[in-house]
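The values are calculated or read from the model by the stated rules, or taken from the named source; none is laboratory data. This one's a predicted model, so the numbers in the text were calculated from it and none came from an experiment. Heads up, the Cβs are rebuilt from the backbone with ideal geometry, glycines too, and the neighbour counts pull from every protein chain shown. In case anyone asks, the SASA skips ligands and DNA or RNA and just uses the protein heavy atoms, side chains included. Shrake-Rupley method; radii C 1.70, N 1.55, O 1.52, S 1.80 Å.
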Amino acid sequence: MQIPRRRFLALGVGAALPLVAPLRAAAQPTVRSLAVLNLHTGERLRTTYWEAGAYLADALSAFNRVLRDHRTGEVHEIAPGALDLVTLLSDRLETRGEVQIISGYRSPTTNAKLRAASSGVAGGSLHMYGKALDIRMPGVDLACLRDAAWSLQQGGVGFYRGSDFVHVDIGRVRRWEG
């Protein structure tokens, strides 16, 4: 008996899936967790925000609250991709401690005030969209943090040696020093 070609190919793919599926599962972490310290409010959060292939709404809400505009108290959604970027960066640097947050969400009002006081603040800052974080990682040299962030090629990387932080965002890939 001869098996039609399409049926033969379908059987072959079906037989190979059990061999490939474990490899794909092993390449992806089953959970994504992050620990942060907001340096302006003193608030800490250590939680899993992604598990079993999905973002966890309660955990994302907790990040939104902790990473709010500390000047106005305004809470805004932090893009999950920004959390993923910092998690990936922590993994790359093999750090397990808290990521220090200098700035998370920034309201348009706050951004305008900061921009008026400093030429280093972008008018269309991705902080206003919850897509940028200014960070430090205790025990990690600032230049090393900058270089690791740049090596990921996941978005913008700003190096602020004088202010002691690295800006990371999930916008277009670019770099600068402030």
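Could you check how many residues of segment 146-165 are open to solvent by 30 Å² or more (accessible area, probe 1.4 Å), farther than 19 Å from residue 111 by Cα and touching a helix residue (DSSP H, G or I) at 6+ places or on another chain (Cβ under 9 Å)? Can you show your working first?
Taking segment 146-165 as the starting set, the residues that turn out to be open to solvent by 30 Å² or more (accessible area, probe 1.4 Å) are 146-147, 150-151, 153-154, 160-164.
Checking which are farther than 19 Å from residue 111 by Cα leaves us with 146-147, 150-151, 153-154, 161-162, 164.
Those left that are additionally touching a helix residue (DSSP H, G or I) at 6+ places or on another chain (Cβ under 9 Å): 151, 154, 161, 164.
Qualifying residue count for the region: 4.
Going through (1) in a loop (DSSP other than H, G, I, E, B); (2) open to solvent by 40 Å² or more (accessible area, probe 1.4 Å); (3) of a type outside the set (Val, Ile, Thr) one by one, residue 92 falls short only on (1).
For residue 169, state whether it is surrounded by 12 or more Cβ atoms within 10 Å (Cβ to Cβ), touching a His at 6+ places or on another chain (Cβ under 7 Å) and not hydrophobic (A, V, I, L, M, F, W, C). Answer is no for this residue. Selection of segment 35-57 for residues being in contact with a Phe, Trp or Tyr (Cβ under 9 Å, 6 or more places away or on another chain) and over 16 Å from residue 102 (Cα atoms) yields 47, 49, 55, 56.
Just checking, how many residues over segment 40-59 are assigned to a loop (DSSP other than H, G, I, E, B), surrounded by fewer than 16 Cβ atoms within 10 Å (Cβ to Cβ) and in contact (Cβ under 8 Å) with a residue 12 or more places away in the chain? Looking only at that region, the number is 3. Cβ separations smaller than 7 Å between residues 6+ apart or across chains give the following pairs from segment 81-92 residues that are touching a residue at least 40 places away in the same chain (Cβ under 8 Å) to residues that are charged (D, E, K, R) and open to solvent by 30 Å² or more (accessible area, probe 1.4 Å): 82/131; 84/32; 87/32. Scanning segment 69-89 for residues that are out of contact with any His (no Cβ under 7 Å at 6 or more places or on another chain), open to solvent by less than 70 Å² (accessible area, probe 1.4 Å) and outside any helix (DSSP H, G or I) yields 69, 73, 76, 78, 79.
Are any residues in segment 124-145 over 19 Å from residue 36 (Cβ atoms) and open to solvent by 40 Å² or more (accessible area, probe 1.4 Å), and if so, which ones?
Of all residues in segment 124-145, those over 19 Å from residue 36 (Cβ atoms) come to 124-125, 128, 141, 143-144.
Within segment 124-145, 124, 141, 144 meet the criteria.
For segment 107-117, a residue qualifies if it is open to solvent by 50 Å² or more (accessible area, probe 1.4 Å) and among the polar types (S, T, N, Q), and exactly one does: 109.
Let's see how each residue does on (1) modelled with pLDDT of 95 or more; (2) among the basic types (Lys, Arg):
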| position | (1), (2) |
| --- | --- |
| 119 | no, no |
| 122 | no, no |
| 131 | yes, yes |
| 135 | yes, no |
| 142 | yes, no |
| 145 | yes, no |
| 150 | yes, no |
| 153 | yes, no |
| 158 | yes, no |
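Against the definition (crowded, with 17+ Cβ neighbours inside 10 Å and under 21 Å from residue 43 (Cβ atoms)), how does residue 97 come out, yes or no? Show your work before the answer.
Values: crowded, with 17+ Cβ neighbours inside 10 Å: no; under 21 Å from residue 43 (Cβ atoms): yes.
No.
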